[in-house]
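Step one of this worksheet: look at the structure below.
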Amino acid sequence: MATENYDKQKTIDLRKKHVGPSCKVFFSHDPIKIVRARGQYMYNEKDEKYLDCINNVAHVGHCHPDVVEAGAKQMELLNTNSRFLHDNLVLYAQRLQATLPEKLSVCYFVNSGSEANDLALRLAWQYTGHKDIITLENAYHGHVSSLIDISPYKFHQMTGAEPSQHVHVAFSPDIYRGKYCEDHPDPATAYAENVKDIIEQAHKKGRKIAAFIAESLQSCGGQVIPPVGYFQKVAQHVRNAGGIFIADEVQVGFGRVGTHFWGFQLQGEDFVPDIVTMGKPIGNGHPMSCVITTREVAESFMSSGMEYFNTFGGNPVSCAIGLAVLDVIEKEDLQRNALHIGGYLTQLLDDLKKRHLLVGDVRGRGLFIGLDLVRNREKRTPATAEAQDVIYRLKEQRILLSADGPHRNVLKFKPPMCFSREDAELVVEKIDQILTDLEKTLGLQMSEAVISENGHTKRKEPSDENGLVHPSNGSSHKHTGTLPLDKKNNKKQKT
């Protein structure tokens, strides 16, 4: 505990003085000072309660007593590095592996998602002997130098920045805003062919592909759900070129998608990555992460002759916490909660779309959902300013939500997995009220729309009376529907 409690303004002043200016805070014009949290709720210095709809790090709920107790008990006994034998390390590795396909059997424990993805690249480079990496538009994989290079979400923000020669950027498999939308007969194949073309162009230049890396569902890219079959086809092209497939589960793993324990499993049982990285939810706020790969890749890494050692990775306290997180997921049936509450939240948001022209698309799986706001449904013009308005107004009503995607117009739902029906109803009720107010101001009336039987809308172009300037890069595709929730239940995971 802090030995002294400062008033909010002094905390702000000290942060400005001692913390790097590029380290931003939420709601910078009036940041929130959080002093405690429990479950899906956070509390400020006035003990006012906020509903947390964005914190996928506190996976099983903020300060879960079982997780806190496991860490504290182990800390009282021992915390040291993995060069000493300790049962927690092997027990945890065994439990994690039981949630994955059998061939993914070797673990490397590290401390953050960035460390995990950086190590995954090293594994790929060593195993293939190649250098080049294929990444996706709008991807974000971490903050270390090797990952900024493969994260267009970051390097496009840098003045005059260009991709490194060994990095190739493929189309994001986005069937709402991407090159191939939901009206395409086979978007999975079309997007995969783009990866194949990239490989062929790289080969013409004498370059060789080490790996393709993608989040199993893109988060910073705007809650993008790849079409089923895309990963299988990409993996085939990449492996034919001598590369491997890295699935980044840092944002979406550990049951968040509801039907499955891992996001990549949404693609089907016939798809297995060569490397899986995990982080954020793995320790419920404790800094830990993991890379899991095949025996072949691990043995190749060892053949380099360089020992791999991580001071804190896999320490007894971290492993005790990781085991407790898995226990809570199973004991409280949180994967099933993600399926049912996520499905209910998606239904409420779909209903919201029927009432509000500002809602262009609702997409997601489980408790990983995006609400794409648009100024024009036909053109799918991103409603960036309106999205920011929504999240600031929600903050005033003590609901925490964020907006992301390349246009910062996608409202992101990725709450703690203990999120309830009442929480879903509350946040949608508040968004409903805010959108009603915004649309009245913008002159967008649902009476202008013809609502078809399936709930989709067609309407005349709104006039520019409100003075809005539409970006010139808006898509001209027509909206024909949202991605349905995958109702197929997978077999119960061993956790």
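The values are calculated or read from the model by the stated rules, or taken from the named source; none is laboratory data. This one's a predicted model, so the numbers in the text were calculated from it and none came from an experiment. Positions of Cβ are backbone-derived with ideal geometry, glycine not excepted, and every protein chain shown enters the neighbour counts. For accessibility, only protein heavy atoms count, side chains too; no ligands or nucleic acids. Shrake-Rupley method; radii C 1.70, N 1.55, O 1.52, S 1.80 Å.
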Are there any helices (runs of 4 or more DSSP H) wholly within segment 90-182 with 1 or more residues that are among the basic types (Lys, Arg), touching a Phe, Trp or Tyr at 6+ places or on another chain (Cβ under 7 Å) and closer than 30 Å to Lys204 by Cα, and if so which?
152-155
Expected output for segment 142-171 (first residue within 18 Å of Gly243 (Cβ to Cβ), partner modelled with pLDDT under 90, Cβ below 6 Å, 6+ apart or cross-chain) is Asp149/Ser164
Is it true that Gly366 is touching a residue at least 60 places away in the same chain (Cβ under 8 Å), out of contact with any helix residue (DSSP H, G or I) (no Cβ under 9 Å at 6 or more places or on another chain) and closer than 25 Å to Gln218 by Cα?
no
Could we say that Ile391 is hydrophobic (A, V, I, L, M, F, W, C), closer than 19 Å to Ile225 by Cβ and either in contact (Cβ under 8 Å) with a residue 12 or more places away in the chain or open to solvent by less than 30 Å² (accessible area, probe 1.4 Å) (or both) here?
no
Odd one out for Ile246, checked against (1) open to solvent by less than 10 Å² (accessible area, probe 1.4 Å); (2) of a type outside the set (Ser, Thr, Tyr); (3) farther than 22 Å from Val297 by Cβ
(3)
So which residues in segment 1-53 are surrounded by 11 or more Cβ atoms within 10 Å (Cβ to Cβ) and of a type in the set (Gly, Ala, Ser)?
Ala37, Gly39
Taking segment 394-413 as the search range and keeping residues that are open to solvent by less than 20 Å² (accessible area, probe 1.4 Å) and assigned to a loop (DSSP other than H, G, I, E, B), which one is farthest from Lys154 (Cα to Cα)?
Leu401
Given the residues Gly229, Gly222, which is the only one that is open to solvent by less than 10 Å² (accessible area, probe 1.4 Å), touching a residue at least 12 places away in the same chain (Cβ under 8 Å) and in contact with an Asp or Glu (Cβ under 9 Å, 6 or more places away or on another chain)?
Gly222
Residue within segment 300-318 that is touching a helix residue (DSSP H, G or I) at 6+ places or on another chain (Cβ under 8 Å), over 24 Å from Asp248 (Cβ atoms) and part of a helix (DSSP H, G or I) present
yes
Kindly indicate whether any position in segment 275-287 is open to solvent by less than 10 Å² (accessible area, probe 1.4 Å), in contact with a strand residue (DSSP E or B) (Cβ under 7 Å, 6 or more places away or on another chain) and not in a strand (DSSP E or B).
yes
Taking Val90 as the residue in question, decide whether it is among the aliphatic types (A, V, I, L, M), open to solvent by 40 Å² or more (accessible area, probe 1.4 Å) and more than 19 Å from the chain's Cα centre (by Cα).
yes
If Gln201 satisfies all but one of (1) part of a helix (DSSP H, G or I); (2) closer than 16 Å to Ile246 by Cα; (3) open to solvent by 40 Å² or more (accessible area, probe 1.4 Å), what's the number of the condition it fails?
(2)
Can you name every residue in segment 424-463 that is modelled with pLDDT under 95, touching a Leu at 6+ places or on another chain (Cβ under 8 Å) and either among the basic types (Lys, Arg) or not assigned by TED's automatic domain parsing to the domain that holds Phe413 (or both)?
Arg459
Name the single residue, out of those in segment 318-332 being open to solvent by less than 10 Å² (accessible area, probe 1.4 Å) and within 9 Å of Met288 (Cβ to Cβ), that is nearest to the chain's Cα centre (by Cα).
Gly322
Across segment 1-46, what is the total count of residues that are within 29 Å of Phe419 (Cα to Cα), among the basic types (Lys, Arg) and not in a strand (DSSP E or B)?
4
Within segment 227-248, identify whether any single residue is more than 26 Å from His168 (Cα to Cα) and of a type in the set (Gly, Ala, Ser), and answer yes or no.
no
Any residue at all in segment 209-232 that's in a loop (DSSP other than H, G, I, E, B) and closer than 20 Å to Asp132 by Cβ?
no
Just to verify a result, which residue in segment 61-85, among those that are touching a helix residue (DSSP H, G or I) at 6+ places or on another chain (Cβ under 7 Å), buried (at least 20 other Cβ atoms within 10 Å of the Cβ) and of a type outside the set (Gly, Ala, Ser), is farthest from Gln265 (Cα to Cα)?
Gln74
Exclusive hit being farther than 21 Å from Ser420 by Cα, assigned by TED's automatic domain parsing to the domain that holds Leu78 and modelled with pLDDT under 95, set Ser289, Ser303, Ser318:
Ser303
Checking Lys154 against (1) in contact with a Leu (Cβ under 9 Å, 6 or more places away or on another chain); (2) of a type in the set (Lys, Arg); (3) more than 30 Å from His407 (Cβ to Cβ), which test does it fail?
(3)
Tally of residues being in a loop (DSSP other than H, G, I, E, B), in contact with an Asp or Glu (Cβ under 8 Å, 6 or more places away or on another chain) and buried (at least 24 other Cβ atoms within 10 Å of the Cβ) across segment 256-274
1
